[in-house]
1. Taking the residues in the range 248-260 that are more than 16 Å from the ligand (Cβ to nearest atom) and not in a loop (DSSP other than H, G, I, E, B) as candidates, determine which candidate is nearest to R6 (Cα to Cα).
2. Quick test for you: out of R263, R221, R318, pick the one residue that is in a helix (DSSP H, G or I) and among the basic types (K, R).
3. Hey, among the residues in the range 184-213 that are more than 16 Å from the ligand (Cβ to nearest atom) and assigned to a loop (DSSP other than H, G, I, E, B), which one's farthest from D143 (Cα to Cα)?
4. Can we say A234 is of a type in the set (G, A, S), in a strand (DSSP E or B) and either within 16 Å of the ligand (Cβ to nearest atom) or free of Cβ contacts under 8 Å to residues at least 12 places away in the same chain (or both)?
5. Search the range 316-330 for residues that are more than 16 Å from the ligand (Cβ to nearest atom) and pair each with any residue that is part of a strand (DSSP E or B) when their beta-carbon atoms are under 6 Å apart and the residues are at least 6 apart or on different chains.
6. With respect to L219, is the statement that it is in contact (Cβ under 8 Å) with a residue 40 or more places away in the chain, away from the ligand (no atom under 16 Å from the Cβ), in contact with a helix residue (DSSP H, G or I) (Cβ under 6 Å, 6 or more places away or on another chain) and of a type outside the set (G, A, S) true?
7. Among the residues of the range 102-109, are any crowded, with 19+ Cβ neighbours inside 10 Å, away from the ligand (no atom under 16 Å from the Cβ), at pLDDT below 95 and on the phi > 0 side of the Ramachandran plot?
Amino acid sequence: MKMTFRWYGKDSDPVSLQMIKQIPGMSGIMGFLDYKPAGEVWTEDEIKDYIDGVHAAGLECEVIESVNVHEDIKMGLPSREKYIENYITTIRNLAKYGVKVIVYNFMPVFDWLRTDLARVIEEDGSNSLYYDEEEIKGMTPVDIVKKTIEDCNGFSLPGWEPERLAELETTLKHYENLTADDLRVNYKYFLDKIIPVCEEVGIRMACHPDDPAWPIFGLPRIAHSIEDFDKIVALHDSPANAFCLCSGSLGSNPANDIPEAVRHFGKMDRIACAHVRNVKYLGERRFREAAHLSSTGDLDLYEIMKAIDETCPDIYVRPDHGRMIWGETGRPGYGLYDRALGATYINGLWEAIQKNK
Ligand SMILES: [Mn+2]
C-alpha cells in the first residue's frame, strides 16, 4: 500500500504540501488540477509545473484524480471524437511525468451529491457532509447545484464547477432518452479508444463509483454495485480498465459489502487505488460521513484494509472526506485535521495486519 493525500494545488488548497509531508507515512499525493474544464488537454507545462512542485516537497505524484470525461462523450454525441482525442493527449502527457493511475468517473451530470455540506454532529460539535433523499425530493437539479456552490465556502468543488450550471438544463434534457444500457455503449466506445493507449504508456484508469450509490433525478447511473462493476470490467478486458474502490461512495448503500467488493475485484487485479473512509447510516437513503475509526460509523475499516492486504496490497490508498474538527475551515470534506487522523489510523491498521502475519 502507498498512503497518499488529495491535494488541489498551491493556488487553491489551503493545505500545503509541507503539511501533507508532515503527516506520518505519506508517500505522495493524489493530484488534481482544479482549474481544468472537462474536455481540455492538460498540457505538459501545466503538468510539469504541478508535479515538479510536489517532488520538491519530497512527495510522489503517481495518481491524478478527476481528469473529467466531457459530457458529450457520456452522451455519445458526434463531438465526442475531439474530446476523446484530447483525453488521449492528456493520458500521454501525464504518463511522461510518471503518473500511473488516473481516477475518473462516468456519471452523468452529477459527480457526487449531498444535501448538506456541513451538518453538525450533535455528539461532539464537529460537522460533516450529509445526504437525505427526502430533502432531494423537494429540489430540482438546478436547486441542488446552486445550493452546493453556495455552501462550499468559496472553494471549488470537483464536479460542481459554476460554468456547468449554465448548460445544466440542456444536458439534463439530453439524458431523458438515454438508458443505462445506452450509457454503457458510450462508455465502451470511450474505453476501446483510450485503454490501448493506457496499456502502451503504463497508466491504469480507475473508475470512481457513483456517490451516493443509487440513481438520482432519474439519470442513468451505472457504477454503484458489484454487478455494475462486473459489467464495466467486461466492457474492455484489461488490467488498465480498473476501479477506484471508494468505500464511502459504494458504502453509502448498506447493500454493498465493501470488504467483499475489494476481494472480488482485487483478485481480478482490477483495483488501482482506494479512497478509504467511513459512513454513518441514519435511515433509508440518509447518511452522514463519519470519522474513519470503525466504531464511529457503519463500515468496518479493519476488514476493508485486510481485504486490500489479501488481494491488492500494492495499491494507492488515501483517506477521504474528513469531518471539520478543531475549528478548521476549508473545502468541505477536505480539511487537514480529520483526514490526517484518518491516514494515521489506516496506517495503524496496516501495521497491525502486517505484524499479525
Ligand atoms: Mn471517493
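The values are calculated or read from the model by the stated rules, or taken from the named source; none is laboratory data. Everything numeric here is computed off the predicted structure, so don't read it as measured data. Every residue, glycine among them, receives a Cβ derived from its backbone with ideal geometry; neighbour counts consider all protein chains shown.
1. Going through the range 248-260, the residues more than 16 Å from the ligand (Cβ to nearest atom) turn out to be 254-255, 257, 259-260.
Now narrow it down to the ones that are not in a loop (DSSP other than H, G, I, E, B): 259-260.
On the way: P259: 23, E260: 25 Å.
That would be P259.
2. On the way: R221 fails: in a helix (DSSP H, G or I); R318 fails: in a helix (DSSP H, G or I).
Exactly one residue qualifies, and that residue is R263.
3. So the residue we want is G202.
4. Numbers: of a type in the set (G, A, S): yes; in a strand (DSSP E or B): no; either within 16 Å of the ligand (Cβ to nearest atom) or free of Cβ contacts under 8 Å to residues at least 12 places away in the same chain (or both): yes.
In short, no.
5. M324/N127
6. Working: in contact (Cβ under 8 Å) with a residue 40 or more places away in the chain: yes; away from the ligand (no atom under 16 Å from the Cβ): yes; in contact with a helix residue (DSSP H, G or I) (Cβ under 6 Å, 6 or more places away or on another chain): yes; of a type outside the set (G, A, S): yes.
Yes; evaluated as a whole, the condition is true for this residue.
7. yes
Quick grid of which residues meet (1) more than 22 Å from K193 (Cα to Cα); (2) within 16 Å of the ligand (Cβ to nearest atom):
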position: E44; (1), (2): no, no
position: D72; (1), (2): no, no
position: L117; (1), (2): yes, yes
position: I121; (1), (2): yes, no
